[in-house]
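Participant: This is the structure, below, for whatever I ask next.
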Amino acid sequence: MTRDRWTSRLGFVLAAAGSAIGLGNLWKFPYITWDNNGGAFVLVYLLCILAVGLPIMIAEILVGRMTQKSPVGALREALGPAWSLVGGLGVFTGFVILSYYTVIAGWTLRYFVVCLGWSFNGFVSAESSSEVFGTFVSDGPLQTLLVILFMAATMAVVLKGVGGGIEKVARVLMPALFGILLLLLVSALSMKGAGQALRFIFVPDFSGFQPRGALEGLGQAFFSLSLGMGAMITYGSYLGPRESVVRSATLVVILDTMIAVLAAVIMFSVIFSVPGMQEQIGKSTVGMLFITLPQLFYTAVPFGVLLAPLFYVLVAFAALTSTISLLEVVCSYFIDERKYTRRKAVTVCGLGTLVGSILCALSFGSSQFLSSFSLVYRGAAYAKRGLFEHMDYVASNWFLSVGGFFITLGVGWIMTRRTSEGELVDETTPRWFNYGAWRVLVRYVAPAAVAIIIAAVVSGKDFS
Ligand code: PHE
């Protein structure tokens, strides 16, 4: 049987960008930027992307394309038998992230419908936006229904395979996403808070910047670029041998970073346009996307009645192309290593993950136990409560950094120079690419940076 392939490089870039662009960009990045006081953090984040994110992205796609295998087999073949454990951790991480990611993804469906209602019937402010949110997330049956819907959509796409499913969907959803974002951007930039938002994001002020912001930026770079768990190895394994790794990796990184920054520009333009909003947000930064924004769309944004539902469609699209890649990582292991048919793999992995998703969906108040149990952690993580928070904590802090650490170490130190240079440098390689610089980054800079994160996590810091 021949391996399923992308039909073109554009197809790969759109699918990989689809994996990277998701809730990490639209939900996490703006609030982390907010928490870390803007400009200085954004600058540090860009540095993390350049010095660590891009080199590891290149390393992962390289391993995938070279071996034409999913993470477990790919790392075994490229680096040695023991490295399949790193691939195994990646597959497990895919399962964990997918379990809790679908919950937030499901919320976007609900908010699309709610906003549509508000657009037609007027914004109902009898209940405050945070009350609406609180009632909604603790509604067990509704939460369950939403994750089932989202998982079903994800399974339906992955079932159709790489070229015929994942790529086809990315080719439609990604341009739609860019279009909607552009519309929102134009509207946001016309608001009176735009200037202040741009200054907040692009003028670095290091006076209040804390070193933990740098680590948070690095952790965010991993999550946002889908690195450290083999998603890019998997997608790279469906590339033909003649497609440039460096060119594609760079495009994906640029797209992902651009969308994160634009999302922040849009949200902060809206927020800064409403007097008093800044102080109010202070309290609930995580809720920015679902508590602050919906209300502002109807009170402050020009054409808000049109843009509000569109905005949640955008977030849903972004989330879907990410859940697709998470499920594909898990399925590809069973297809490649256990010889499952795609249908069987999608059924088993999809339904298996759905169990985890439903439990996470109930951990926002509908189940007392699932929402509040604590585990014994040290330091800041001690405050984590409930299944959702624990899952996000272990995946974002531990699994992605440990996985990423070993991938960069292996590609930097175990893979020979001849092999990696042979894979990366040929007539398709862009002229600006400097193999020696890349090698220094994957051998020294990236492992050192990730080791610092791991040390911080071990000592009790929390970056999720
Ligand atoms: N990168 C995705 C986002 O930003 C999340 C993700 C992480 C997807 C890891 C796949 C693998 O939302």
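Participant: Going by the structure shown, is A197 among the aliphatic types (A, V, I, L, M), open to solvent by less than 10 Å² (accessible area, probe 1.4 Å), within 16 Å of the ligand (Cβ to nearest atom) and not in a loop (DSSP other than H, G, I, E, B)?
Facilitator: Values: among the aliphatic types (A, V, I, L, M): yes; open to solvent by less than 10 Å² (accessible area, probe 1.4 Å): yes; within 16 Å of the ligand (Cβ to nearest atom): no; not in a loop (DSSP other than H, G, I, E, B): yes.
When the stated conditions are applied, A197 does not pass them.
Participant: Would you confirm whether or not the stretch 275-289 contains a residue that is modelled with pLDDT of 90 or more and hydroxyl-bearing (S, T, Y)? Show your work before the answer.
Facilitator: Going through the stretch 275-289, the residues modelled with pLDDT of 90 or more turn out to be none.
Checked against the condition, which is being modelled with pLDDT of 90 or more and hydroxyl-bearing (S, T, Y), the stretch 275-289 yields no hits at all.
Participant: Being among the small types (G, A, S), within 16 Å of the ligand (Cβ to nearest atom) and either closer than 22 Å to V157 by Cβ or part of a helix (DSSP H, G or I) (or both), is that true of even one residue in the stretch 284-306? Spell out how you get there, then give the answer.
Facilitator: To start, the set of residues in the stretch 284-306 that are among the small types (G, A, S) comprises 284, 287, 300, 304.
Then drop every residue that is not within 16 Å of the ligand (Cβ to nearest atom), which leaves none.
Scanning the stretch 284-306 turns up no residue that is among the small types (G, A, S), within 16 Å of the ligand (Cβ to nearest atom) and either closer than 22 Å to V157 by Cβ or part of a helix (DSSP H, G or I) (or both).
Participant: Could you tell me whether R247 is within 23 Å of the chain's Cα centre (by Cα) and part of a helix (DSSP H, G or I)? Steps first, answer last, please.
Facilitator: Working: within 23 Å of the chain's Cα centre (by Cα): yes; part of a helix (DSSP H, G or I): yes.
It is true that R247 is within 23 Å of the chain's Cα centre (by Cα) and part of a helix (DSSP H, G or I).
Participant: Scan the stretch 1-20 for residues that are among the charged types (D, E, K, R) and either over 15 Å from M232 (Cα atoms) or touching a Pro at 6+ places or on another chain (Cβ under 7 Å) (or both) and jot them down.
Facilitator: The first filter runs over the stretch 1-20 and keeps only residues among the charged types (D, E, K, R), leaving 3-5, 9.
Within the stretch 1-20, R3, D4 qualify.
Participant: Find the residue count for the stretch 221-243, including only residues that are open to solvent by less than 10 Å² (accessible area, probe 1.4 Å), small (G, A, S) and more than 8 Å from the ligand (Cβ to nearest atom).
Facilitator: Within the stretch 221-243, residues that are open to solvent by less than 10 Å² (accessible area, probe 1.4 Å), small (G, A, S) and more than 8 Å from the ligand (Cβ to nearest atom) number 4.
Participant: Does L185 fit the bill of being touching a residue at least 40 places away in the same chain (Cβ under 8 Å), touching a Leu at 6+ places or on another chain (Cβ under 8 Å) and over 22 Å from F399 (Cα atoms)?
Facilitator: yes
Participant: Right, another one. Conditions: (1) within 14 Å of the ligand (Cβ to nearest atom); (2) at pLDDT 95 or above; (3) open to solvent by 20 Å² or more (accessible area, probe 1.4 Å). M66 meets all but one. Number of the miss?
Facilitator: (1)
Participant: For E77, only one of the following conditions fails: (1) more than 30 Å from Q368 (Cβ to Cβ); (2) surrounded by fewer than 19 Cβ atoms within 10 Å (Cβ to Cβ); (3) among the charged types (D, E, K, R); (4) in contact (Cβ under 8 Å) with a residue 24 or more places away in the chain. What is its number?
Facilitator: (4)
Participant: Which condition number does W83 fail, the rest of (1) within 27 Å of S244 (Cα to Cα); (2) aromatic (F, W, Y); (3) surrounded by fewer than 24 Cβ atoms within 10 Å (Cβ to Cβ); (4) within 16 Å of the ligand (Cβ to nearest atom) being met?
Facilitator: (4)
Participant: Is there a residue in the stretch 201-210 that is in a helix (DSSP H, G or I), at pLDDT 95 or above and surrounded by 19 or more Cβ atoms within 10 Å (Cβ to Cβ)?
Facilitator: Initial filter on the stretch 201-210 (in a helix (DSSP H, G or I)): 201-202, 206-208.
Pick out the ones that are also at pLDDT 95 or above and you get 201-202.
Remaining after also requiring surrounded by 19 or more Cβ atoms within 10 Å (Cβ to Cβ): 201.
Yes: one or more hits.
Participant: Kindly list the number of the only condition in (1) open to solvent by less than 30 Å² (accessible area, probe 1.4 Å); (2) over 27 Å from R110 (Cβ atoms) that fails for F150.
Facilitator: All conditions are met except number (2).
Participant: A further question follows. Considering only residues that are without any contact (Cβ under 8 Å) to a residue 24 or more places away in the chain and either closer than 12 Å to L159 by Cβ or aromatic (F, W, Y) (or both), look in the stretch 319-346 and name the one that is surrounded by the most Cβ atoms within 10 Å (Cβ to Cβ). First the steps, then the outcome.
Facilitator: Narrowing the stretch 319-346 to residues without any contact (Cβ under 8 Å) to a residue 24 or more places away in the chain: 334, 338-341, 344-345.
Filter once more, so that each one left must be either closer than 12 Å to L159 by Cβ or aromatic (F, W, Y) (or both): 334, 340-341, 344-345.
Details: F334: 19, Y340: 17, T341: 10, K344: 14, A345: 23.
Across the stretch 319-346, the extreme among qualifying residues is A345.
The values are calculated or read from the model by the stated rules, or taken from the named source; none is laboratory data. In this text the structure is predicted, and so the values were computed from the model without any measurement. Heads up, the Cβs are rebuilt from the backbone with ideal geometry, glycines too, and the neighbour counts pull from every protein chain shown. Surface accessibility is based on the protein's heavy atoms, side chains included, excluding ligands, DNA and RNA. Shrake-Rupley method; radii C 1.70, N 1.55, O 1.52, S 1.80 Å.
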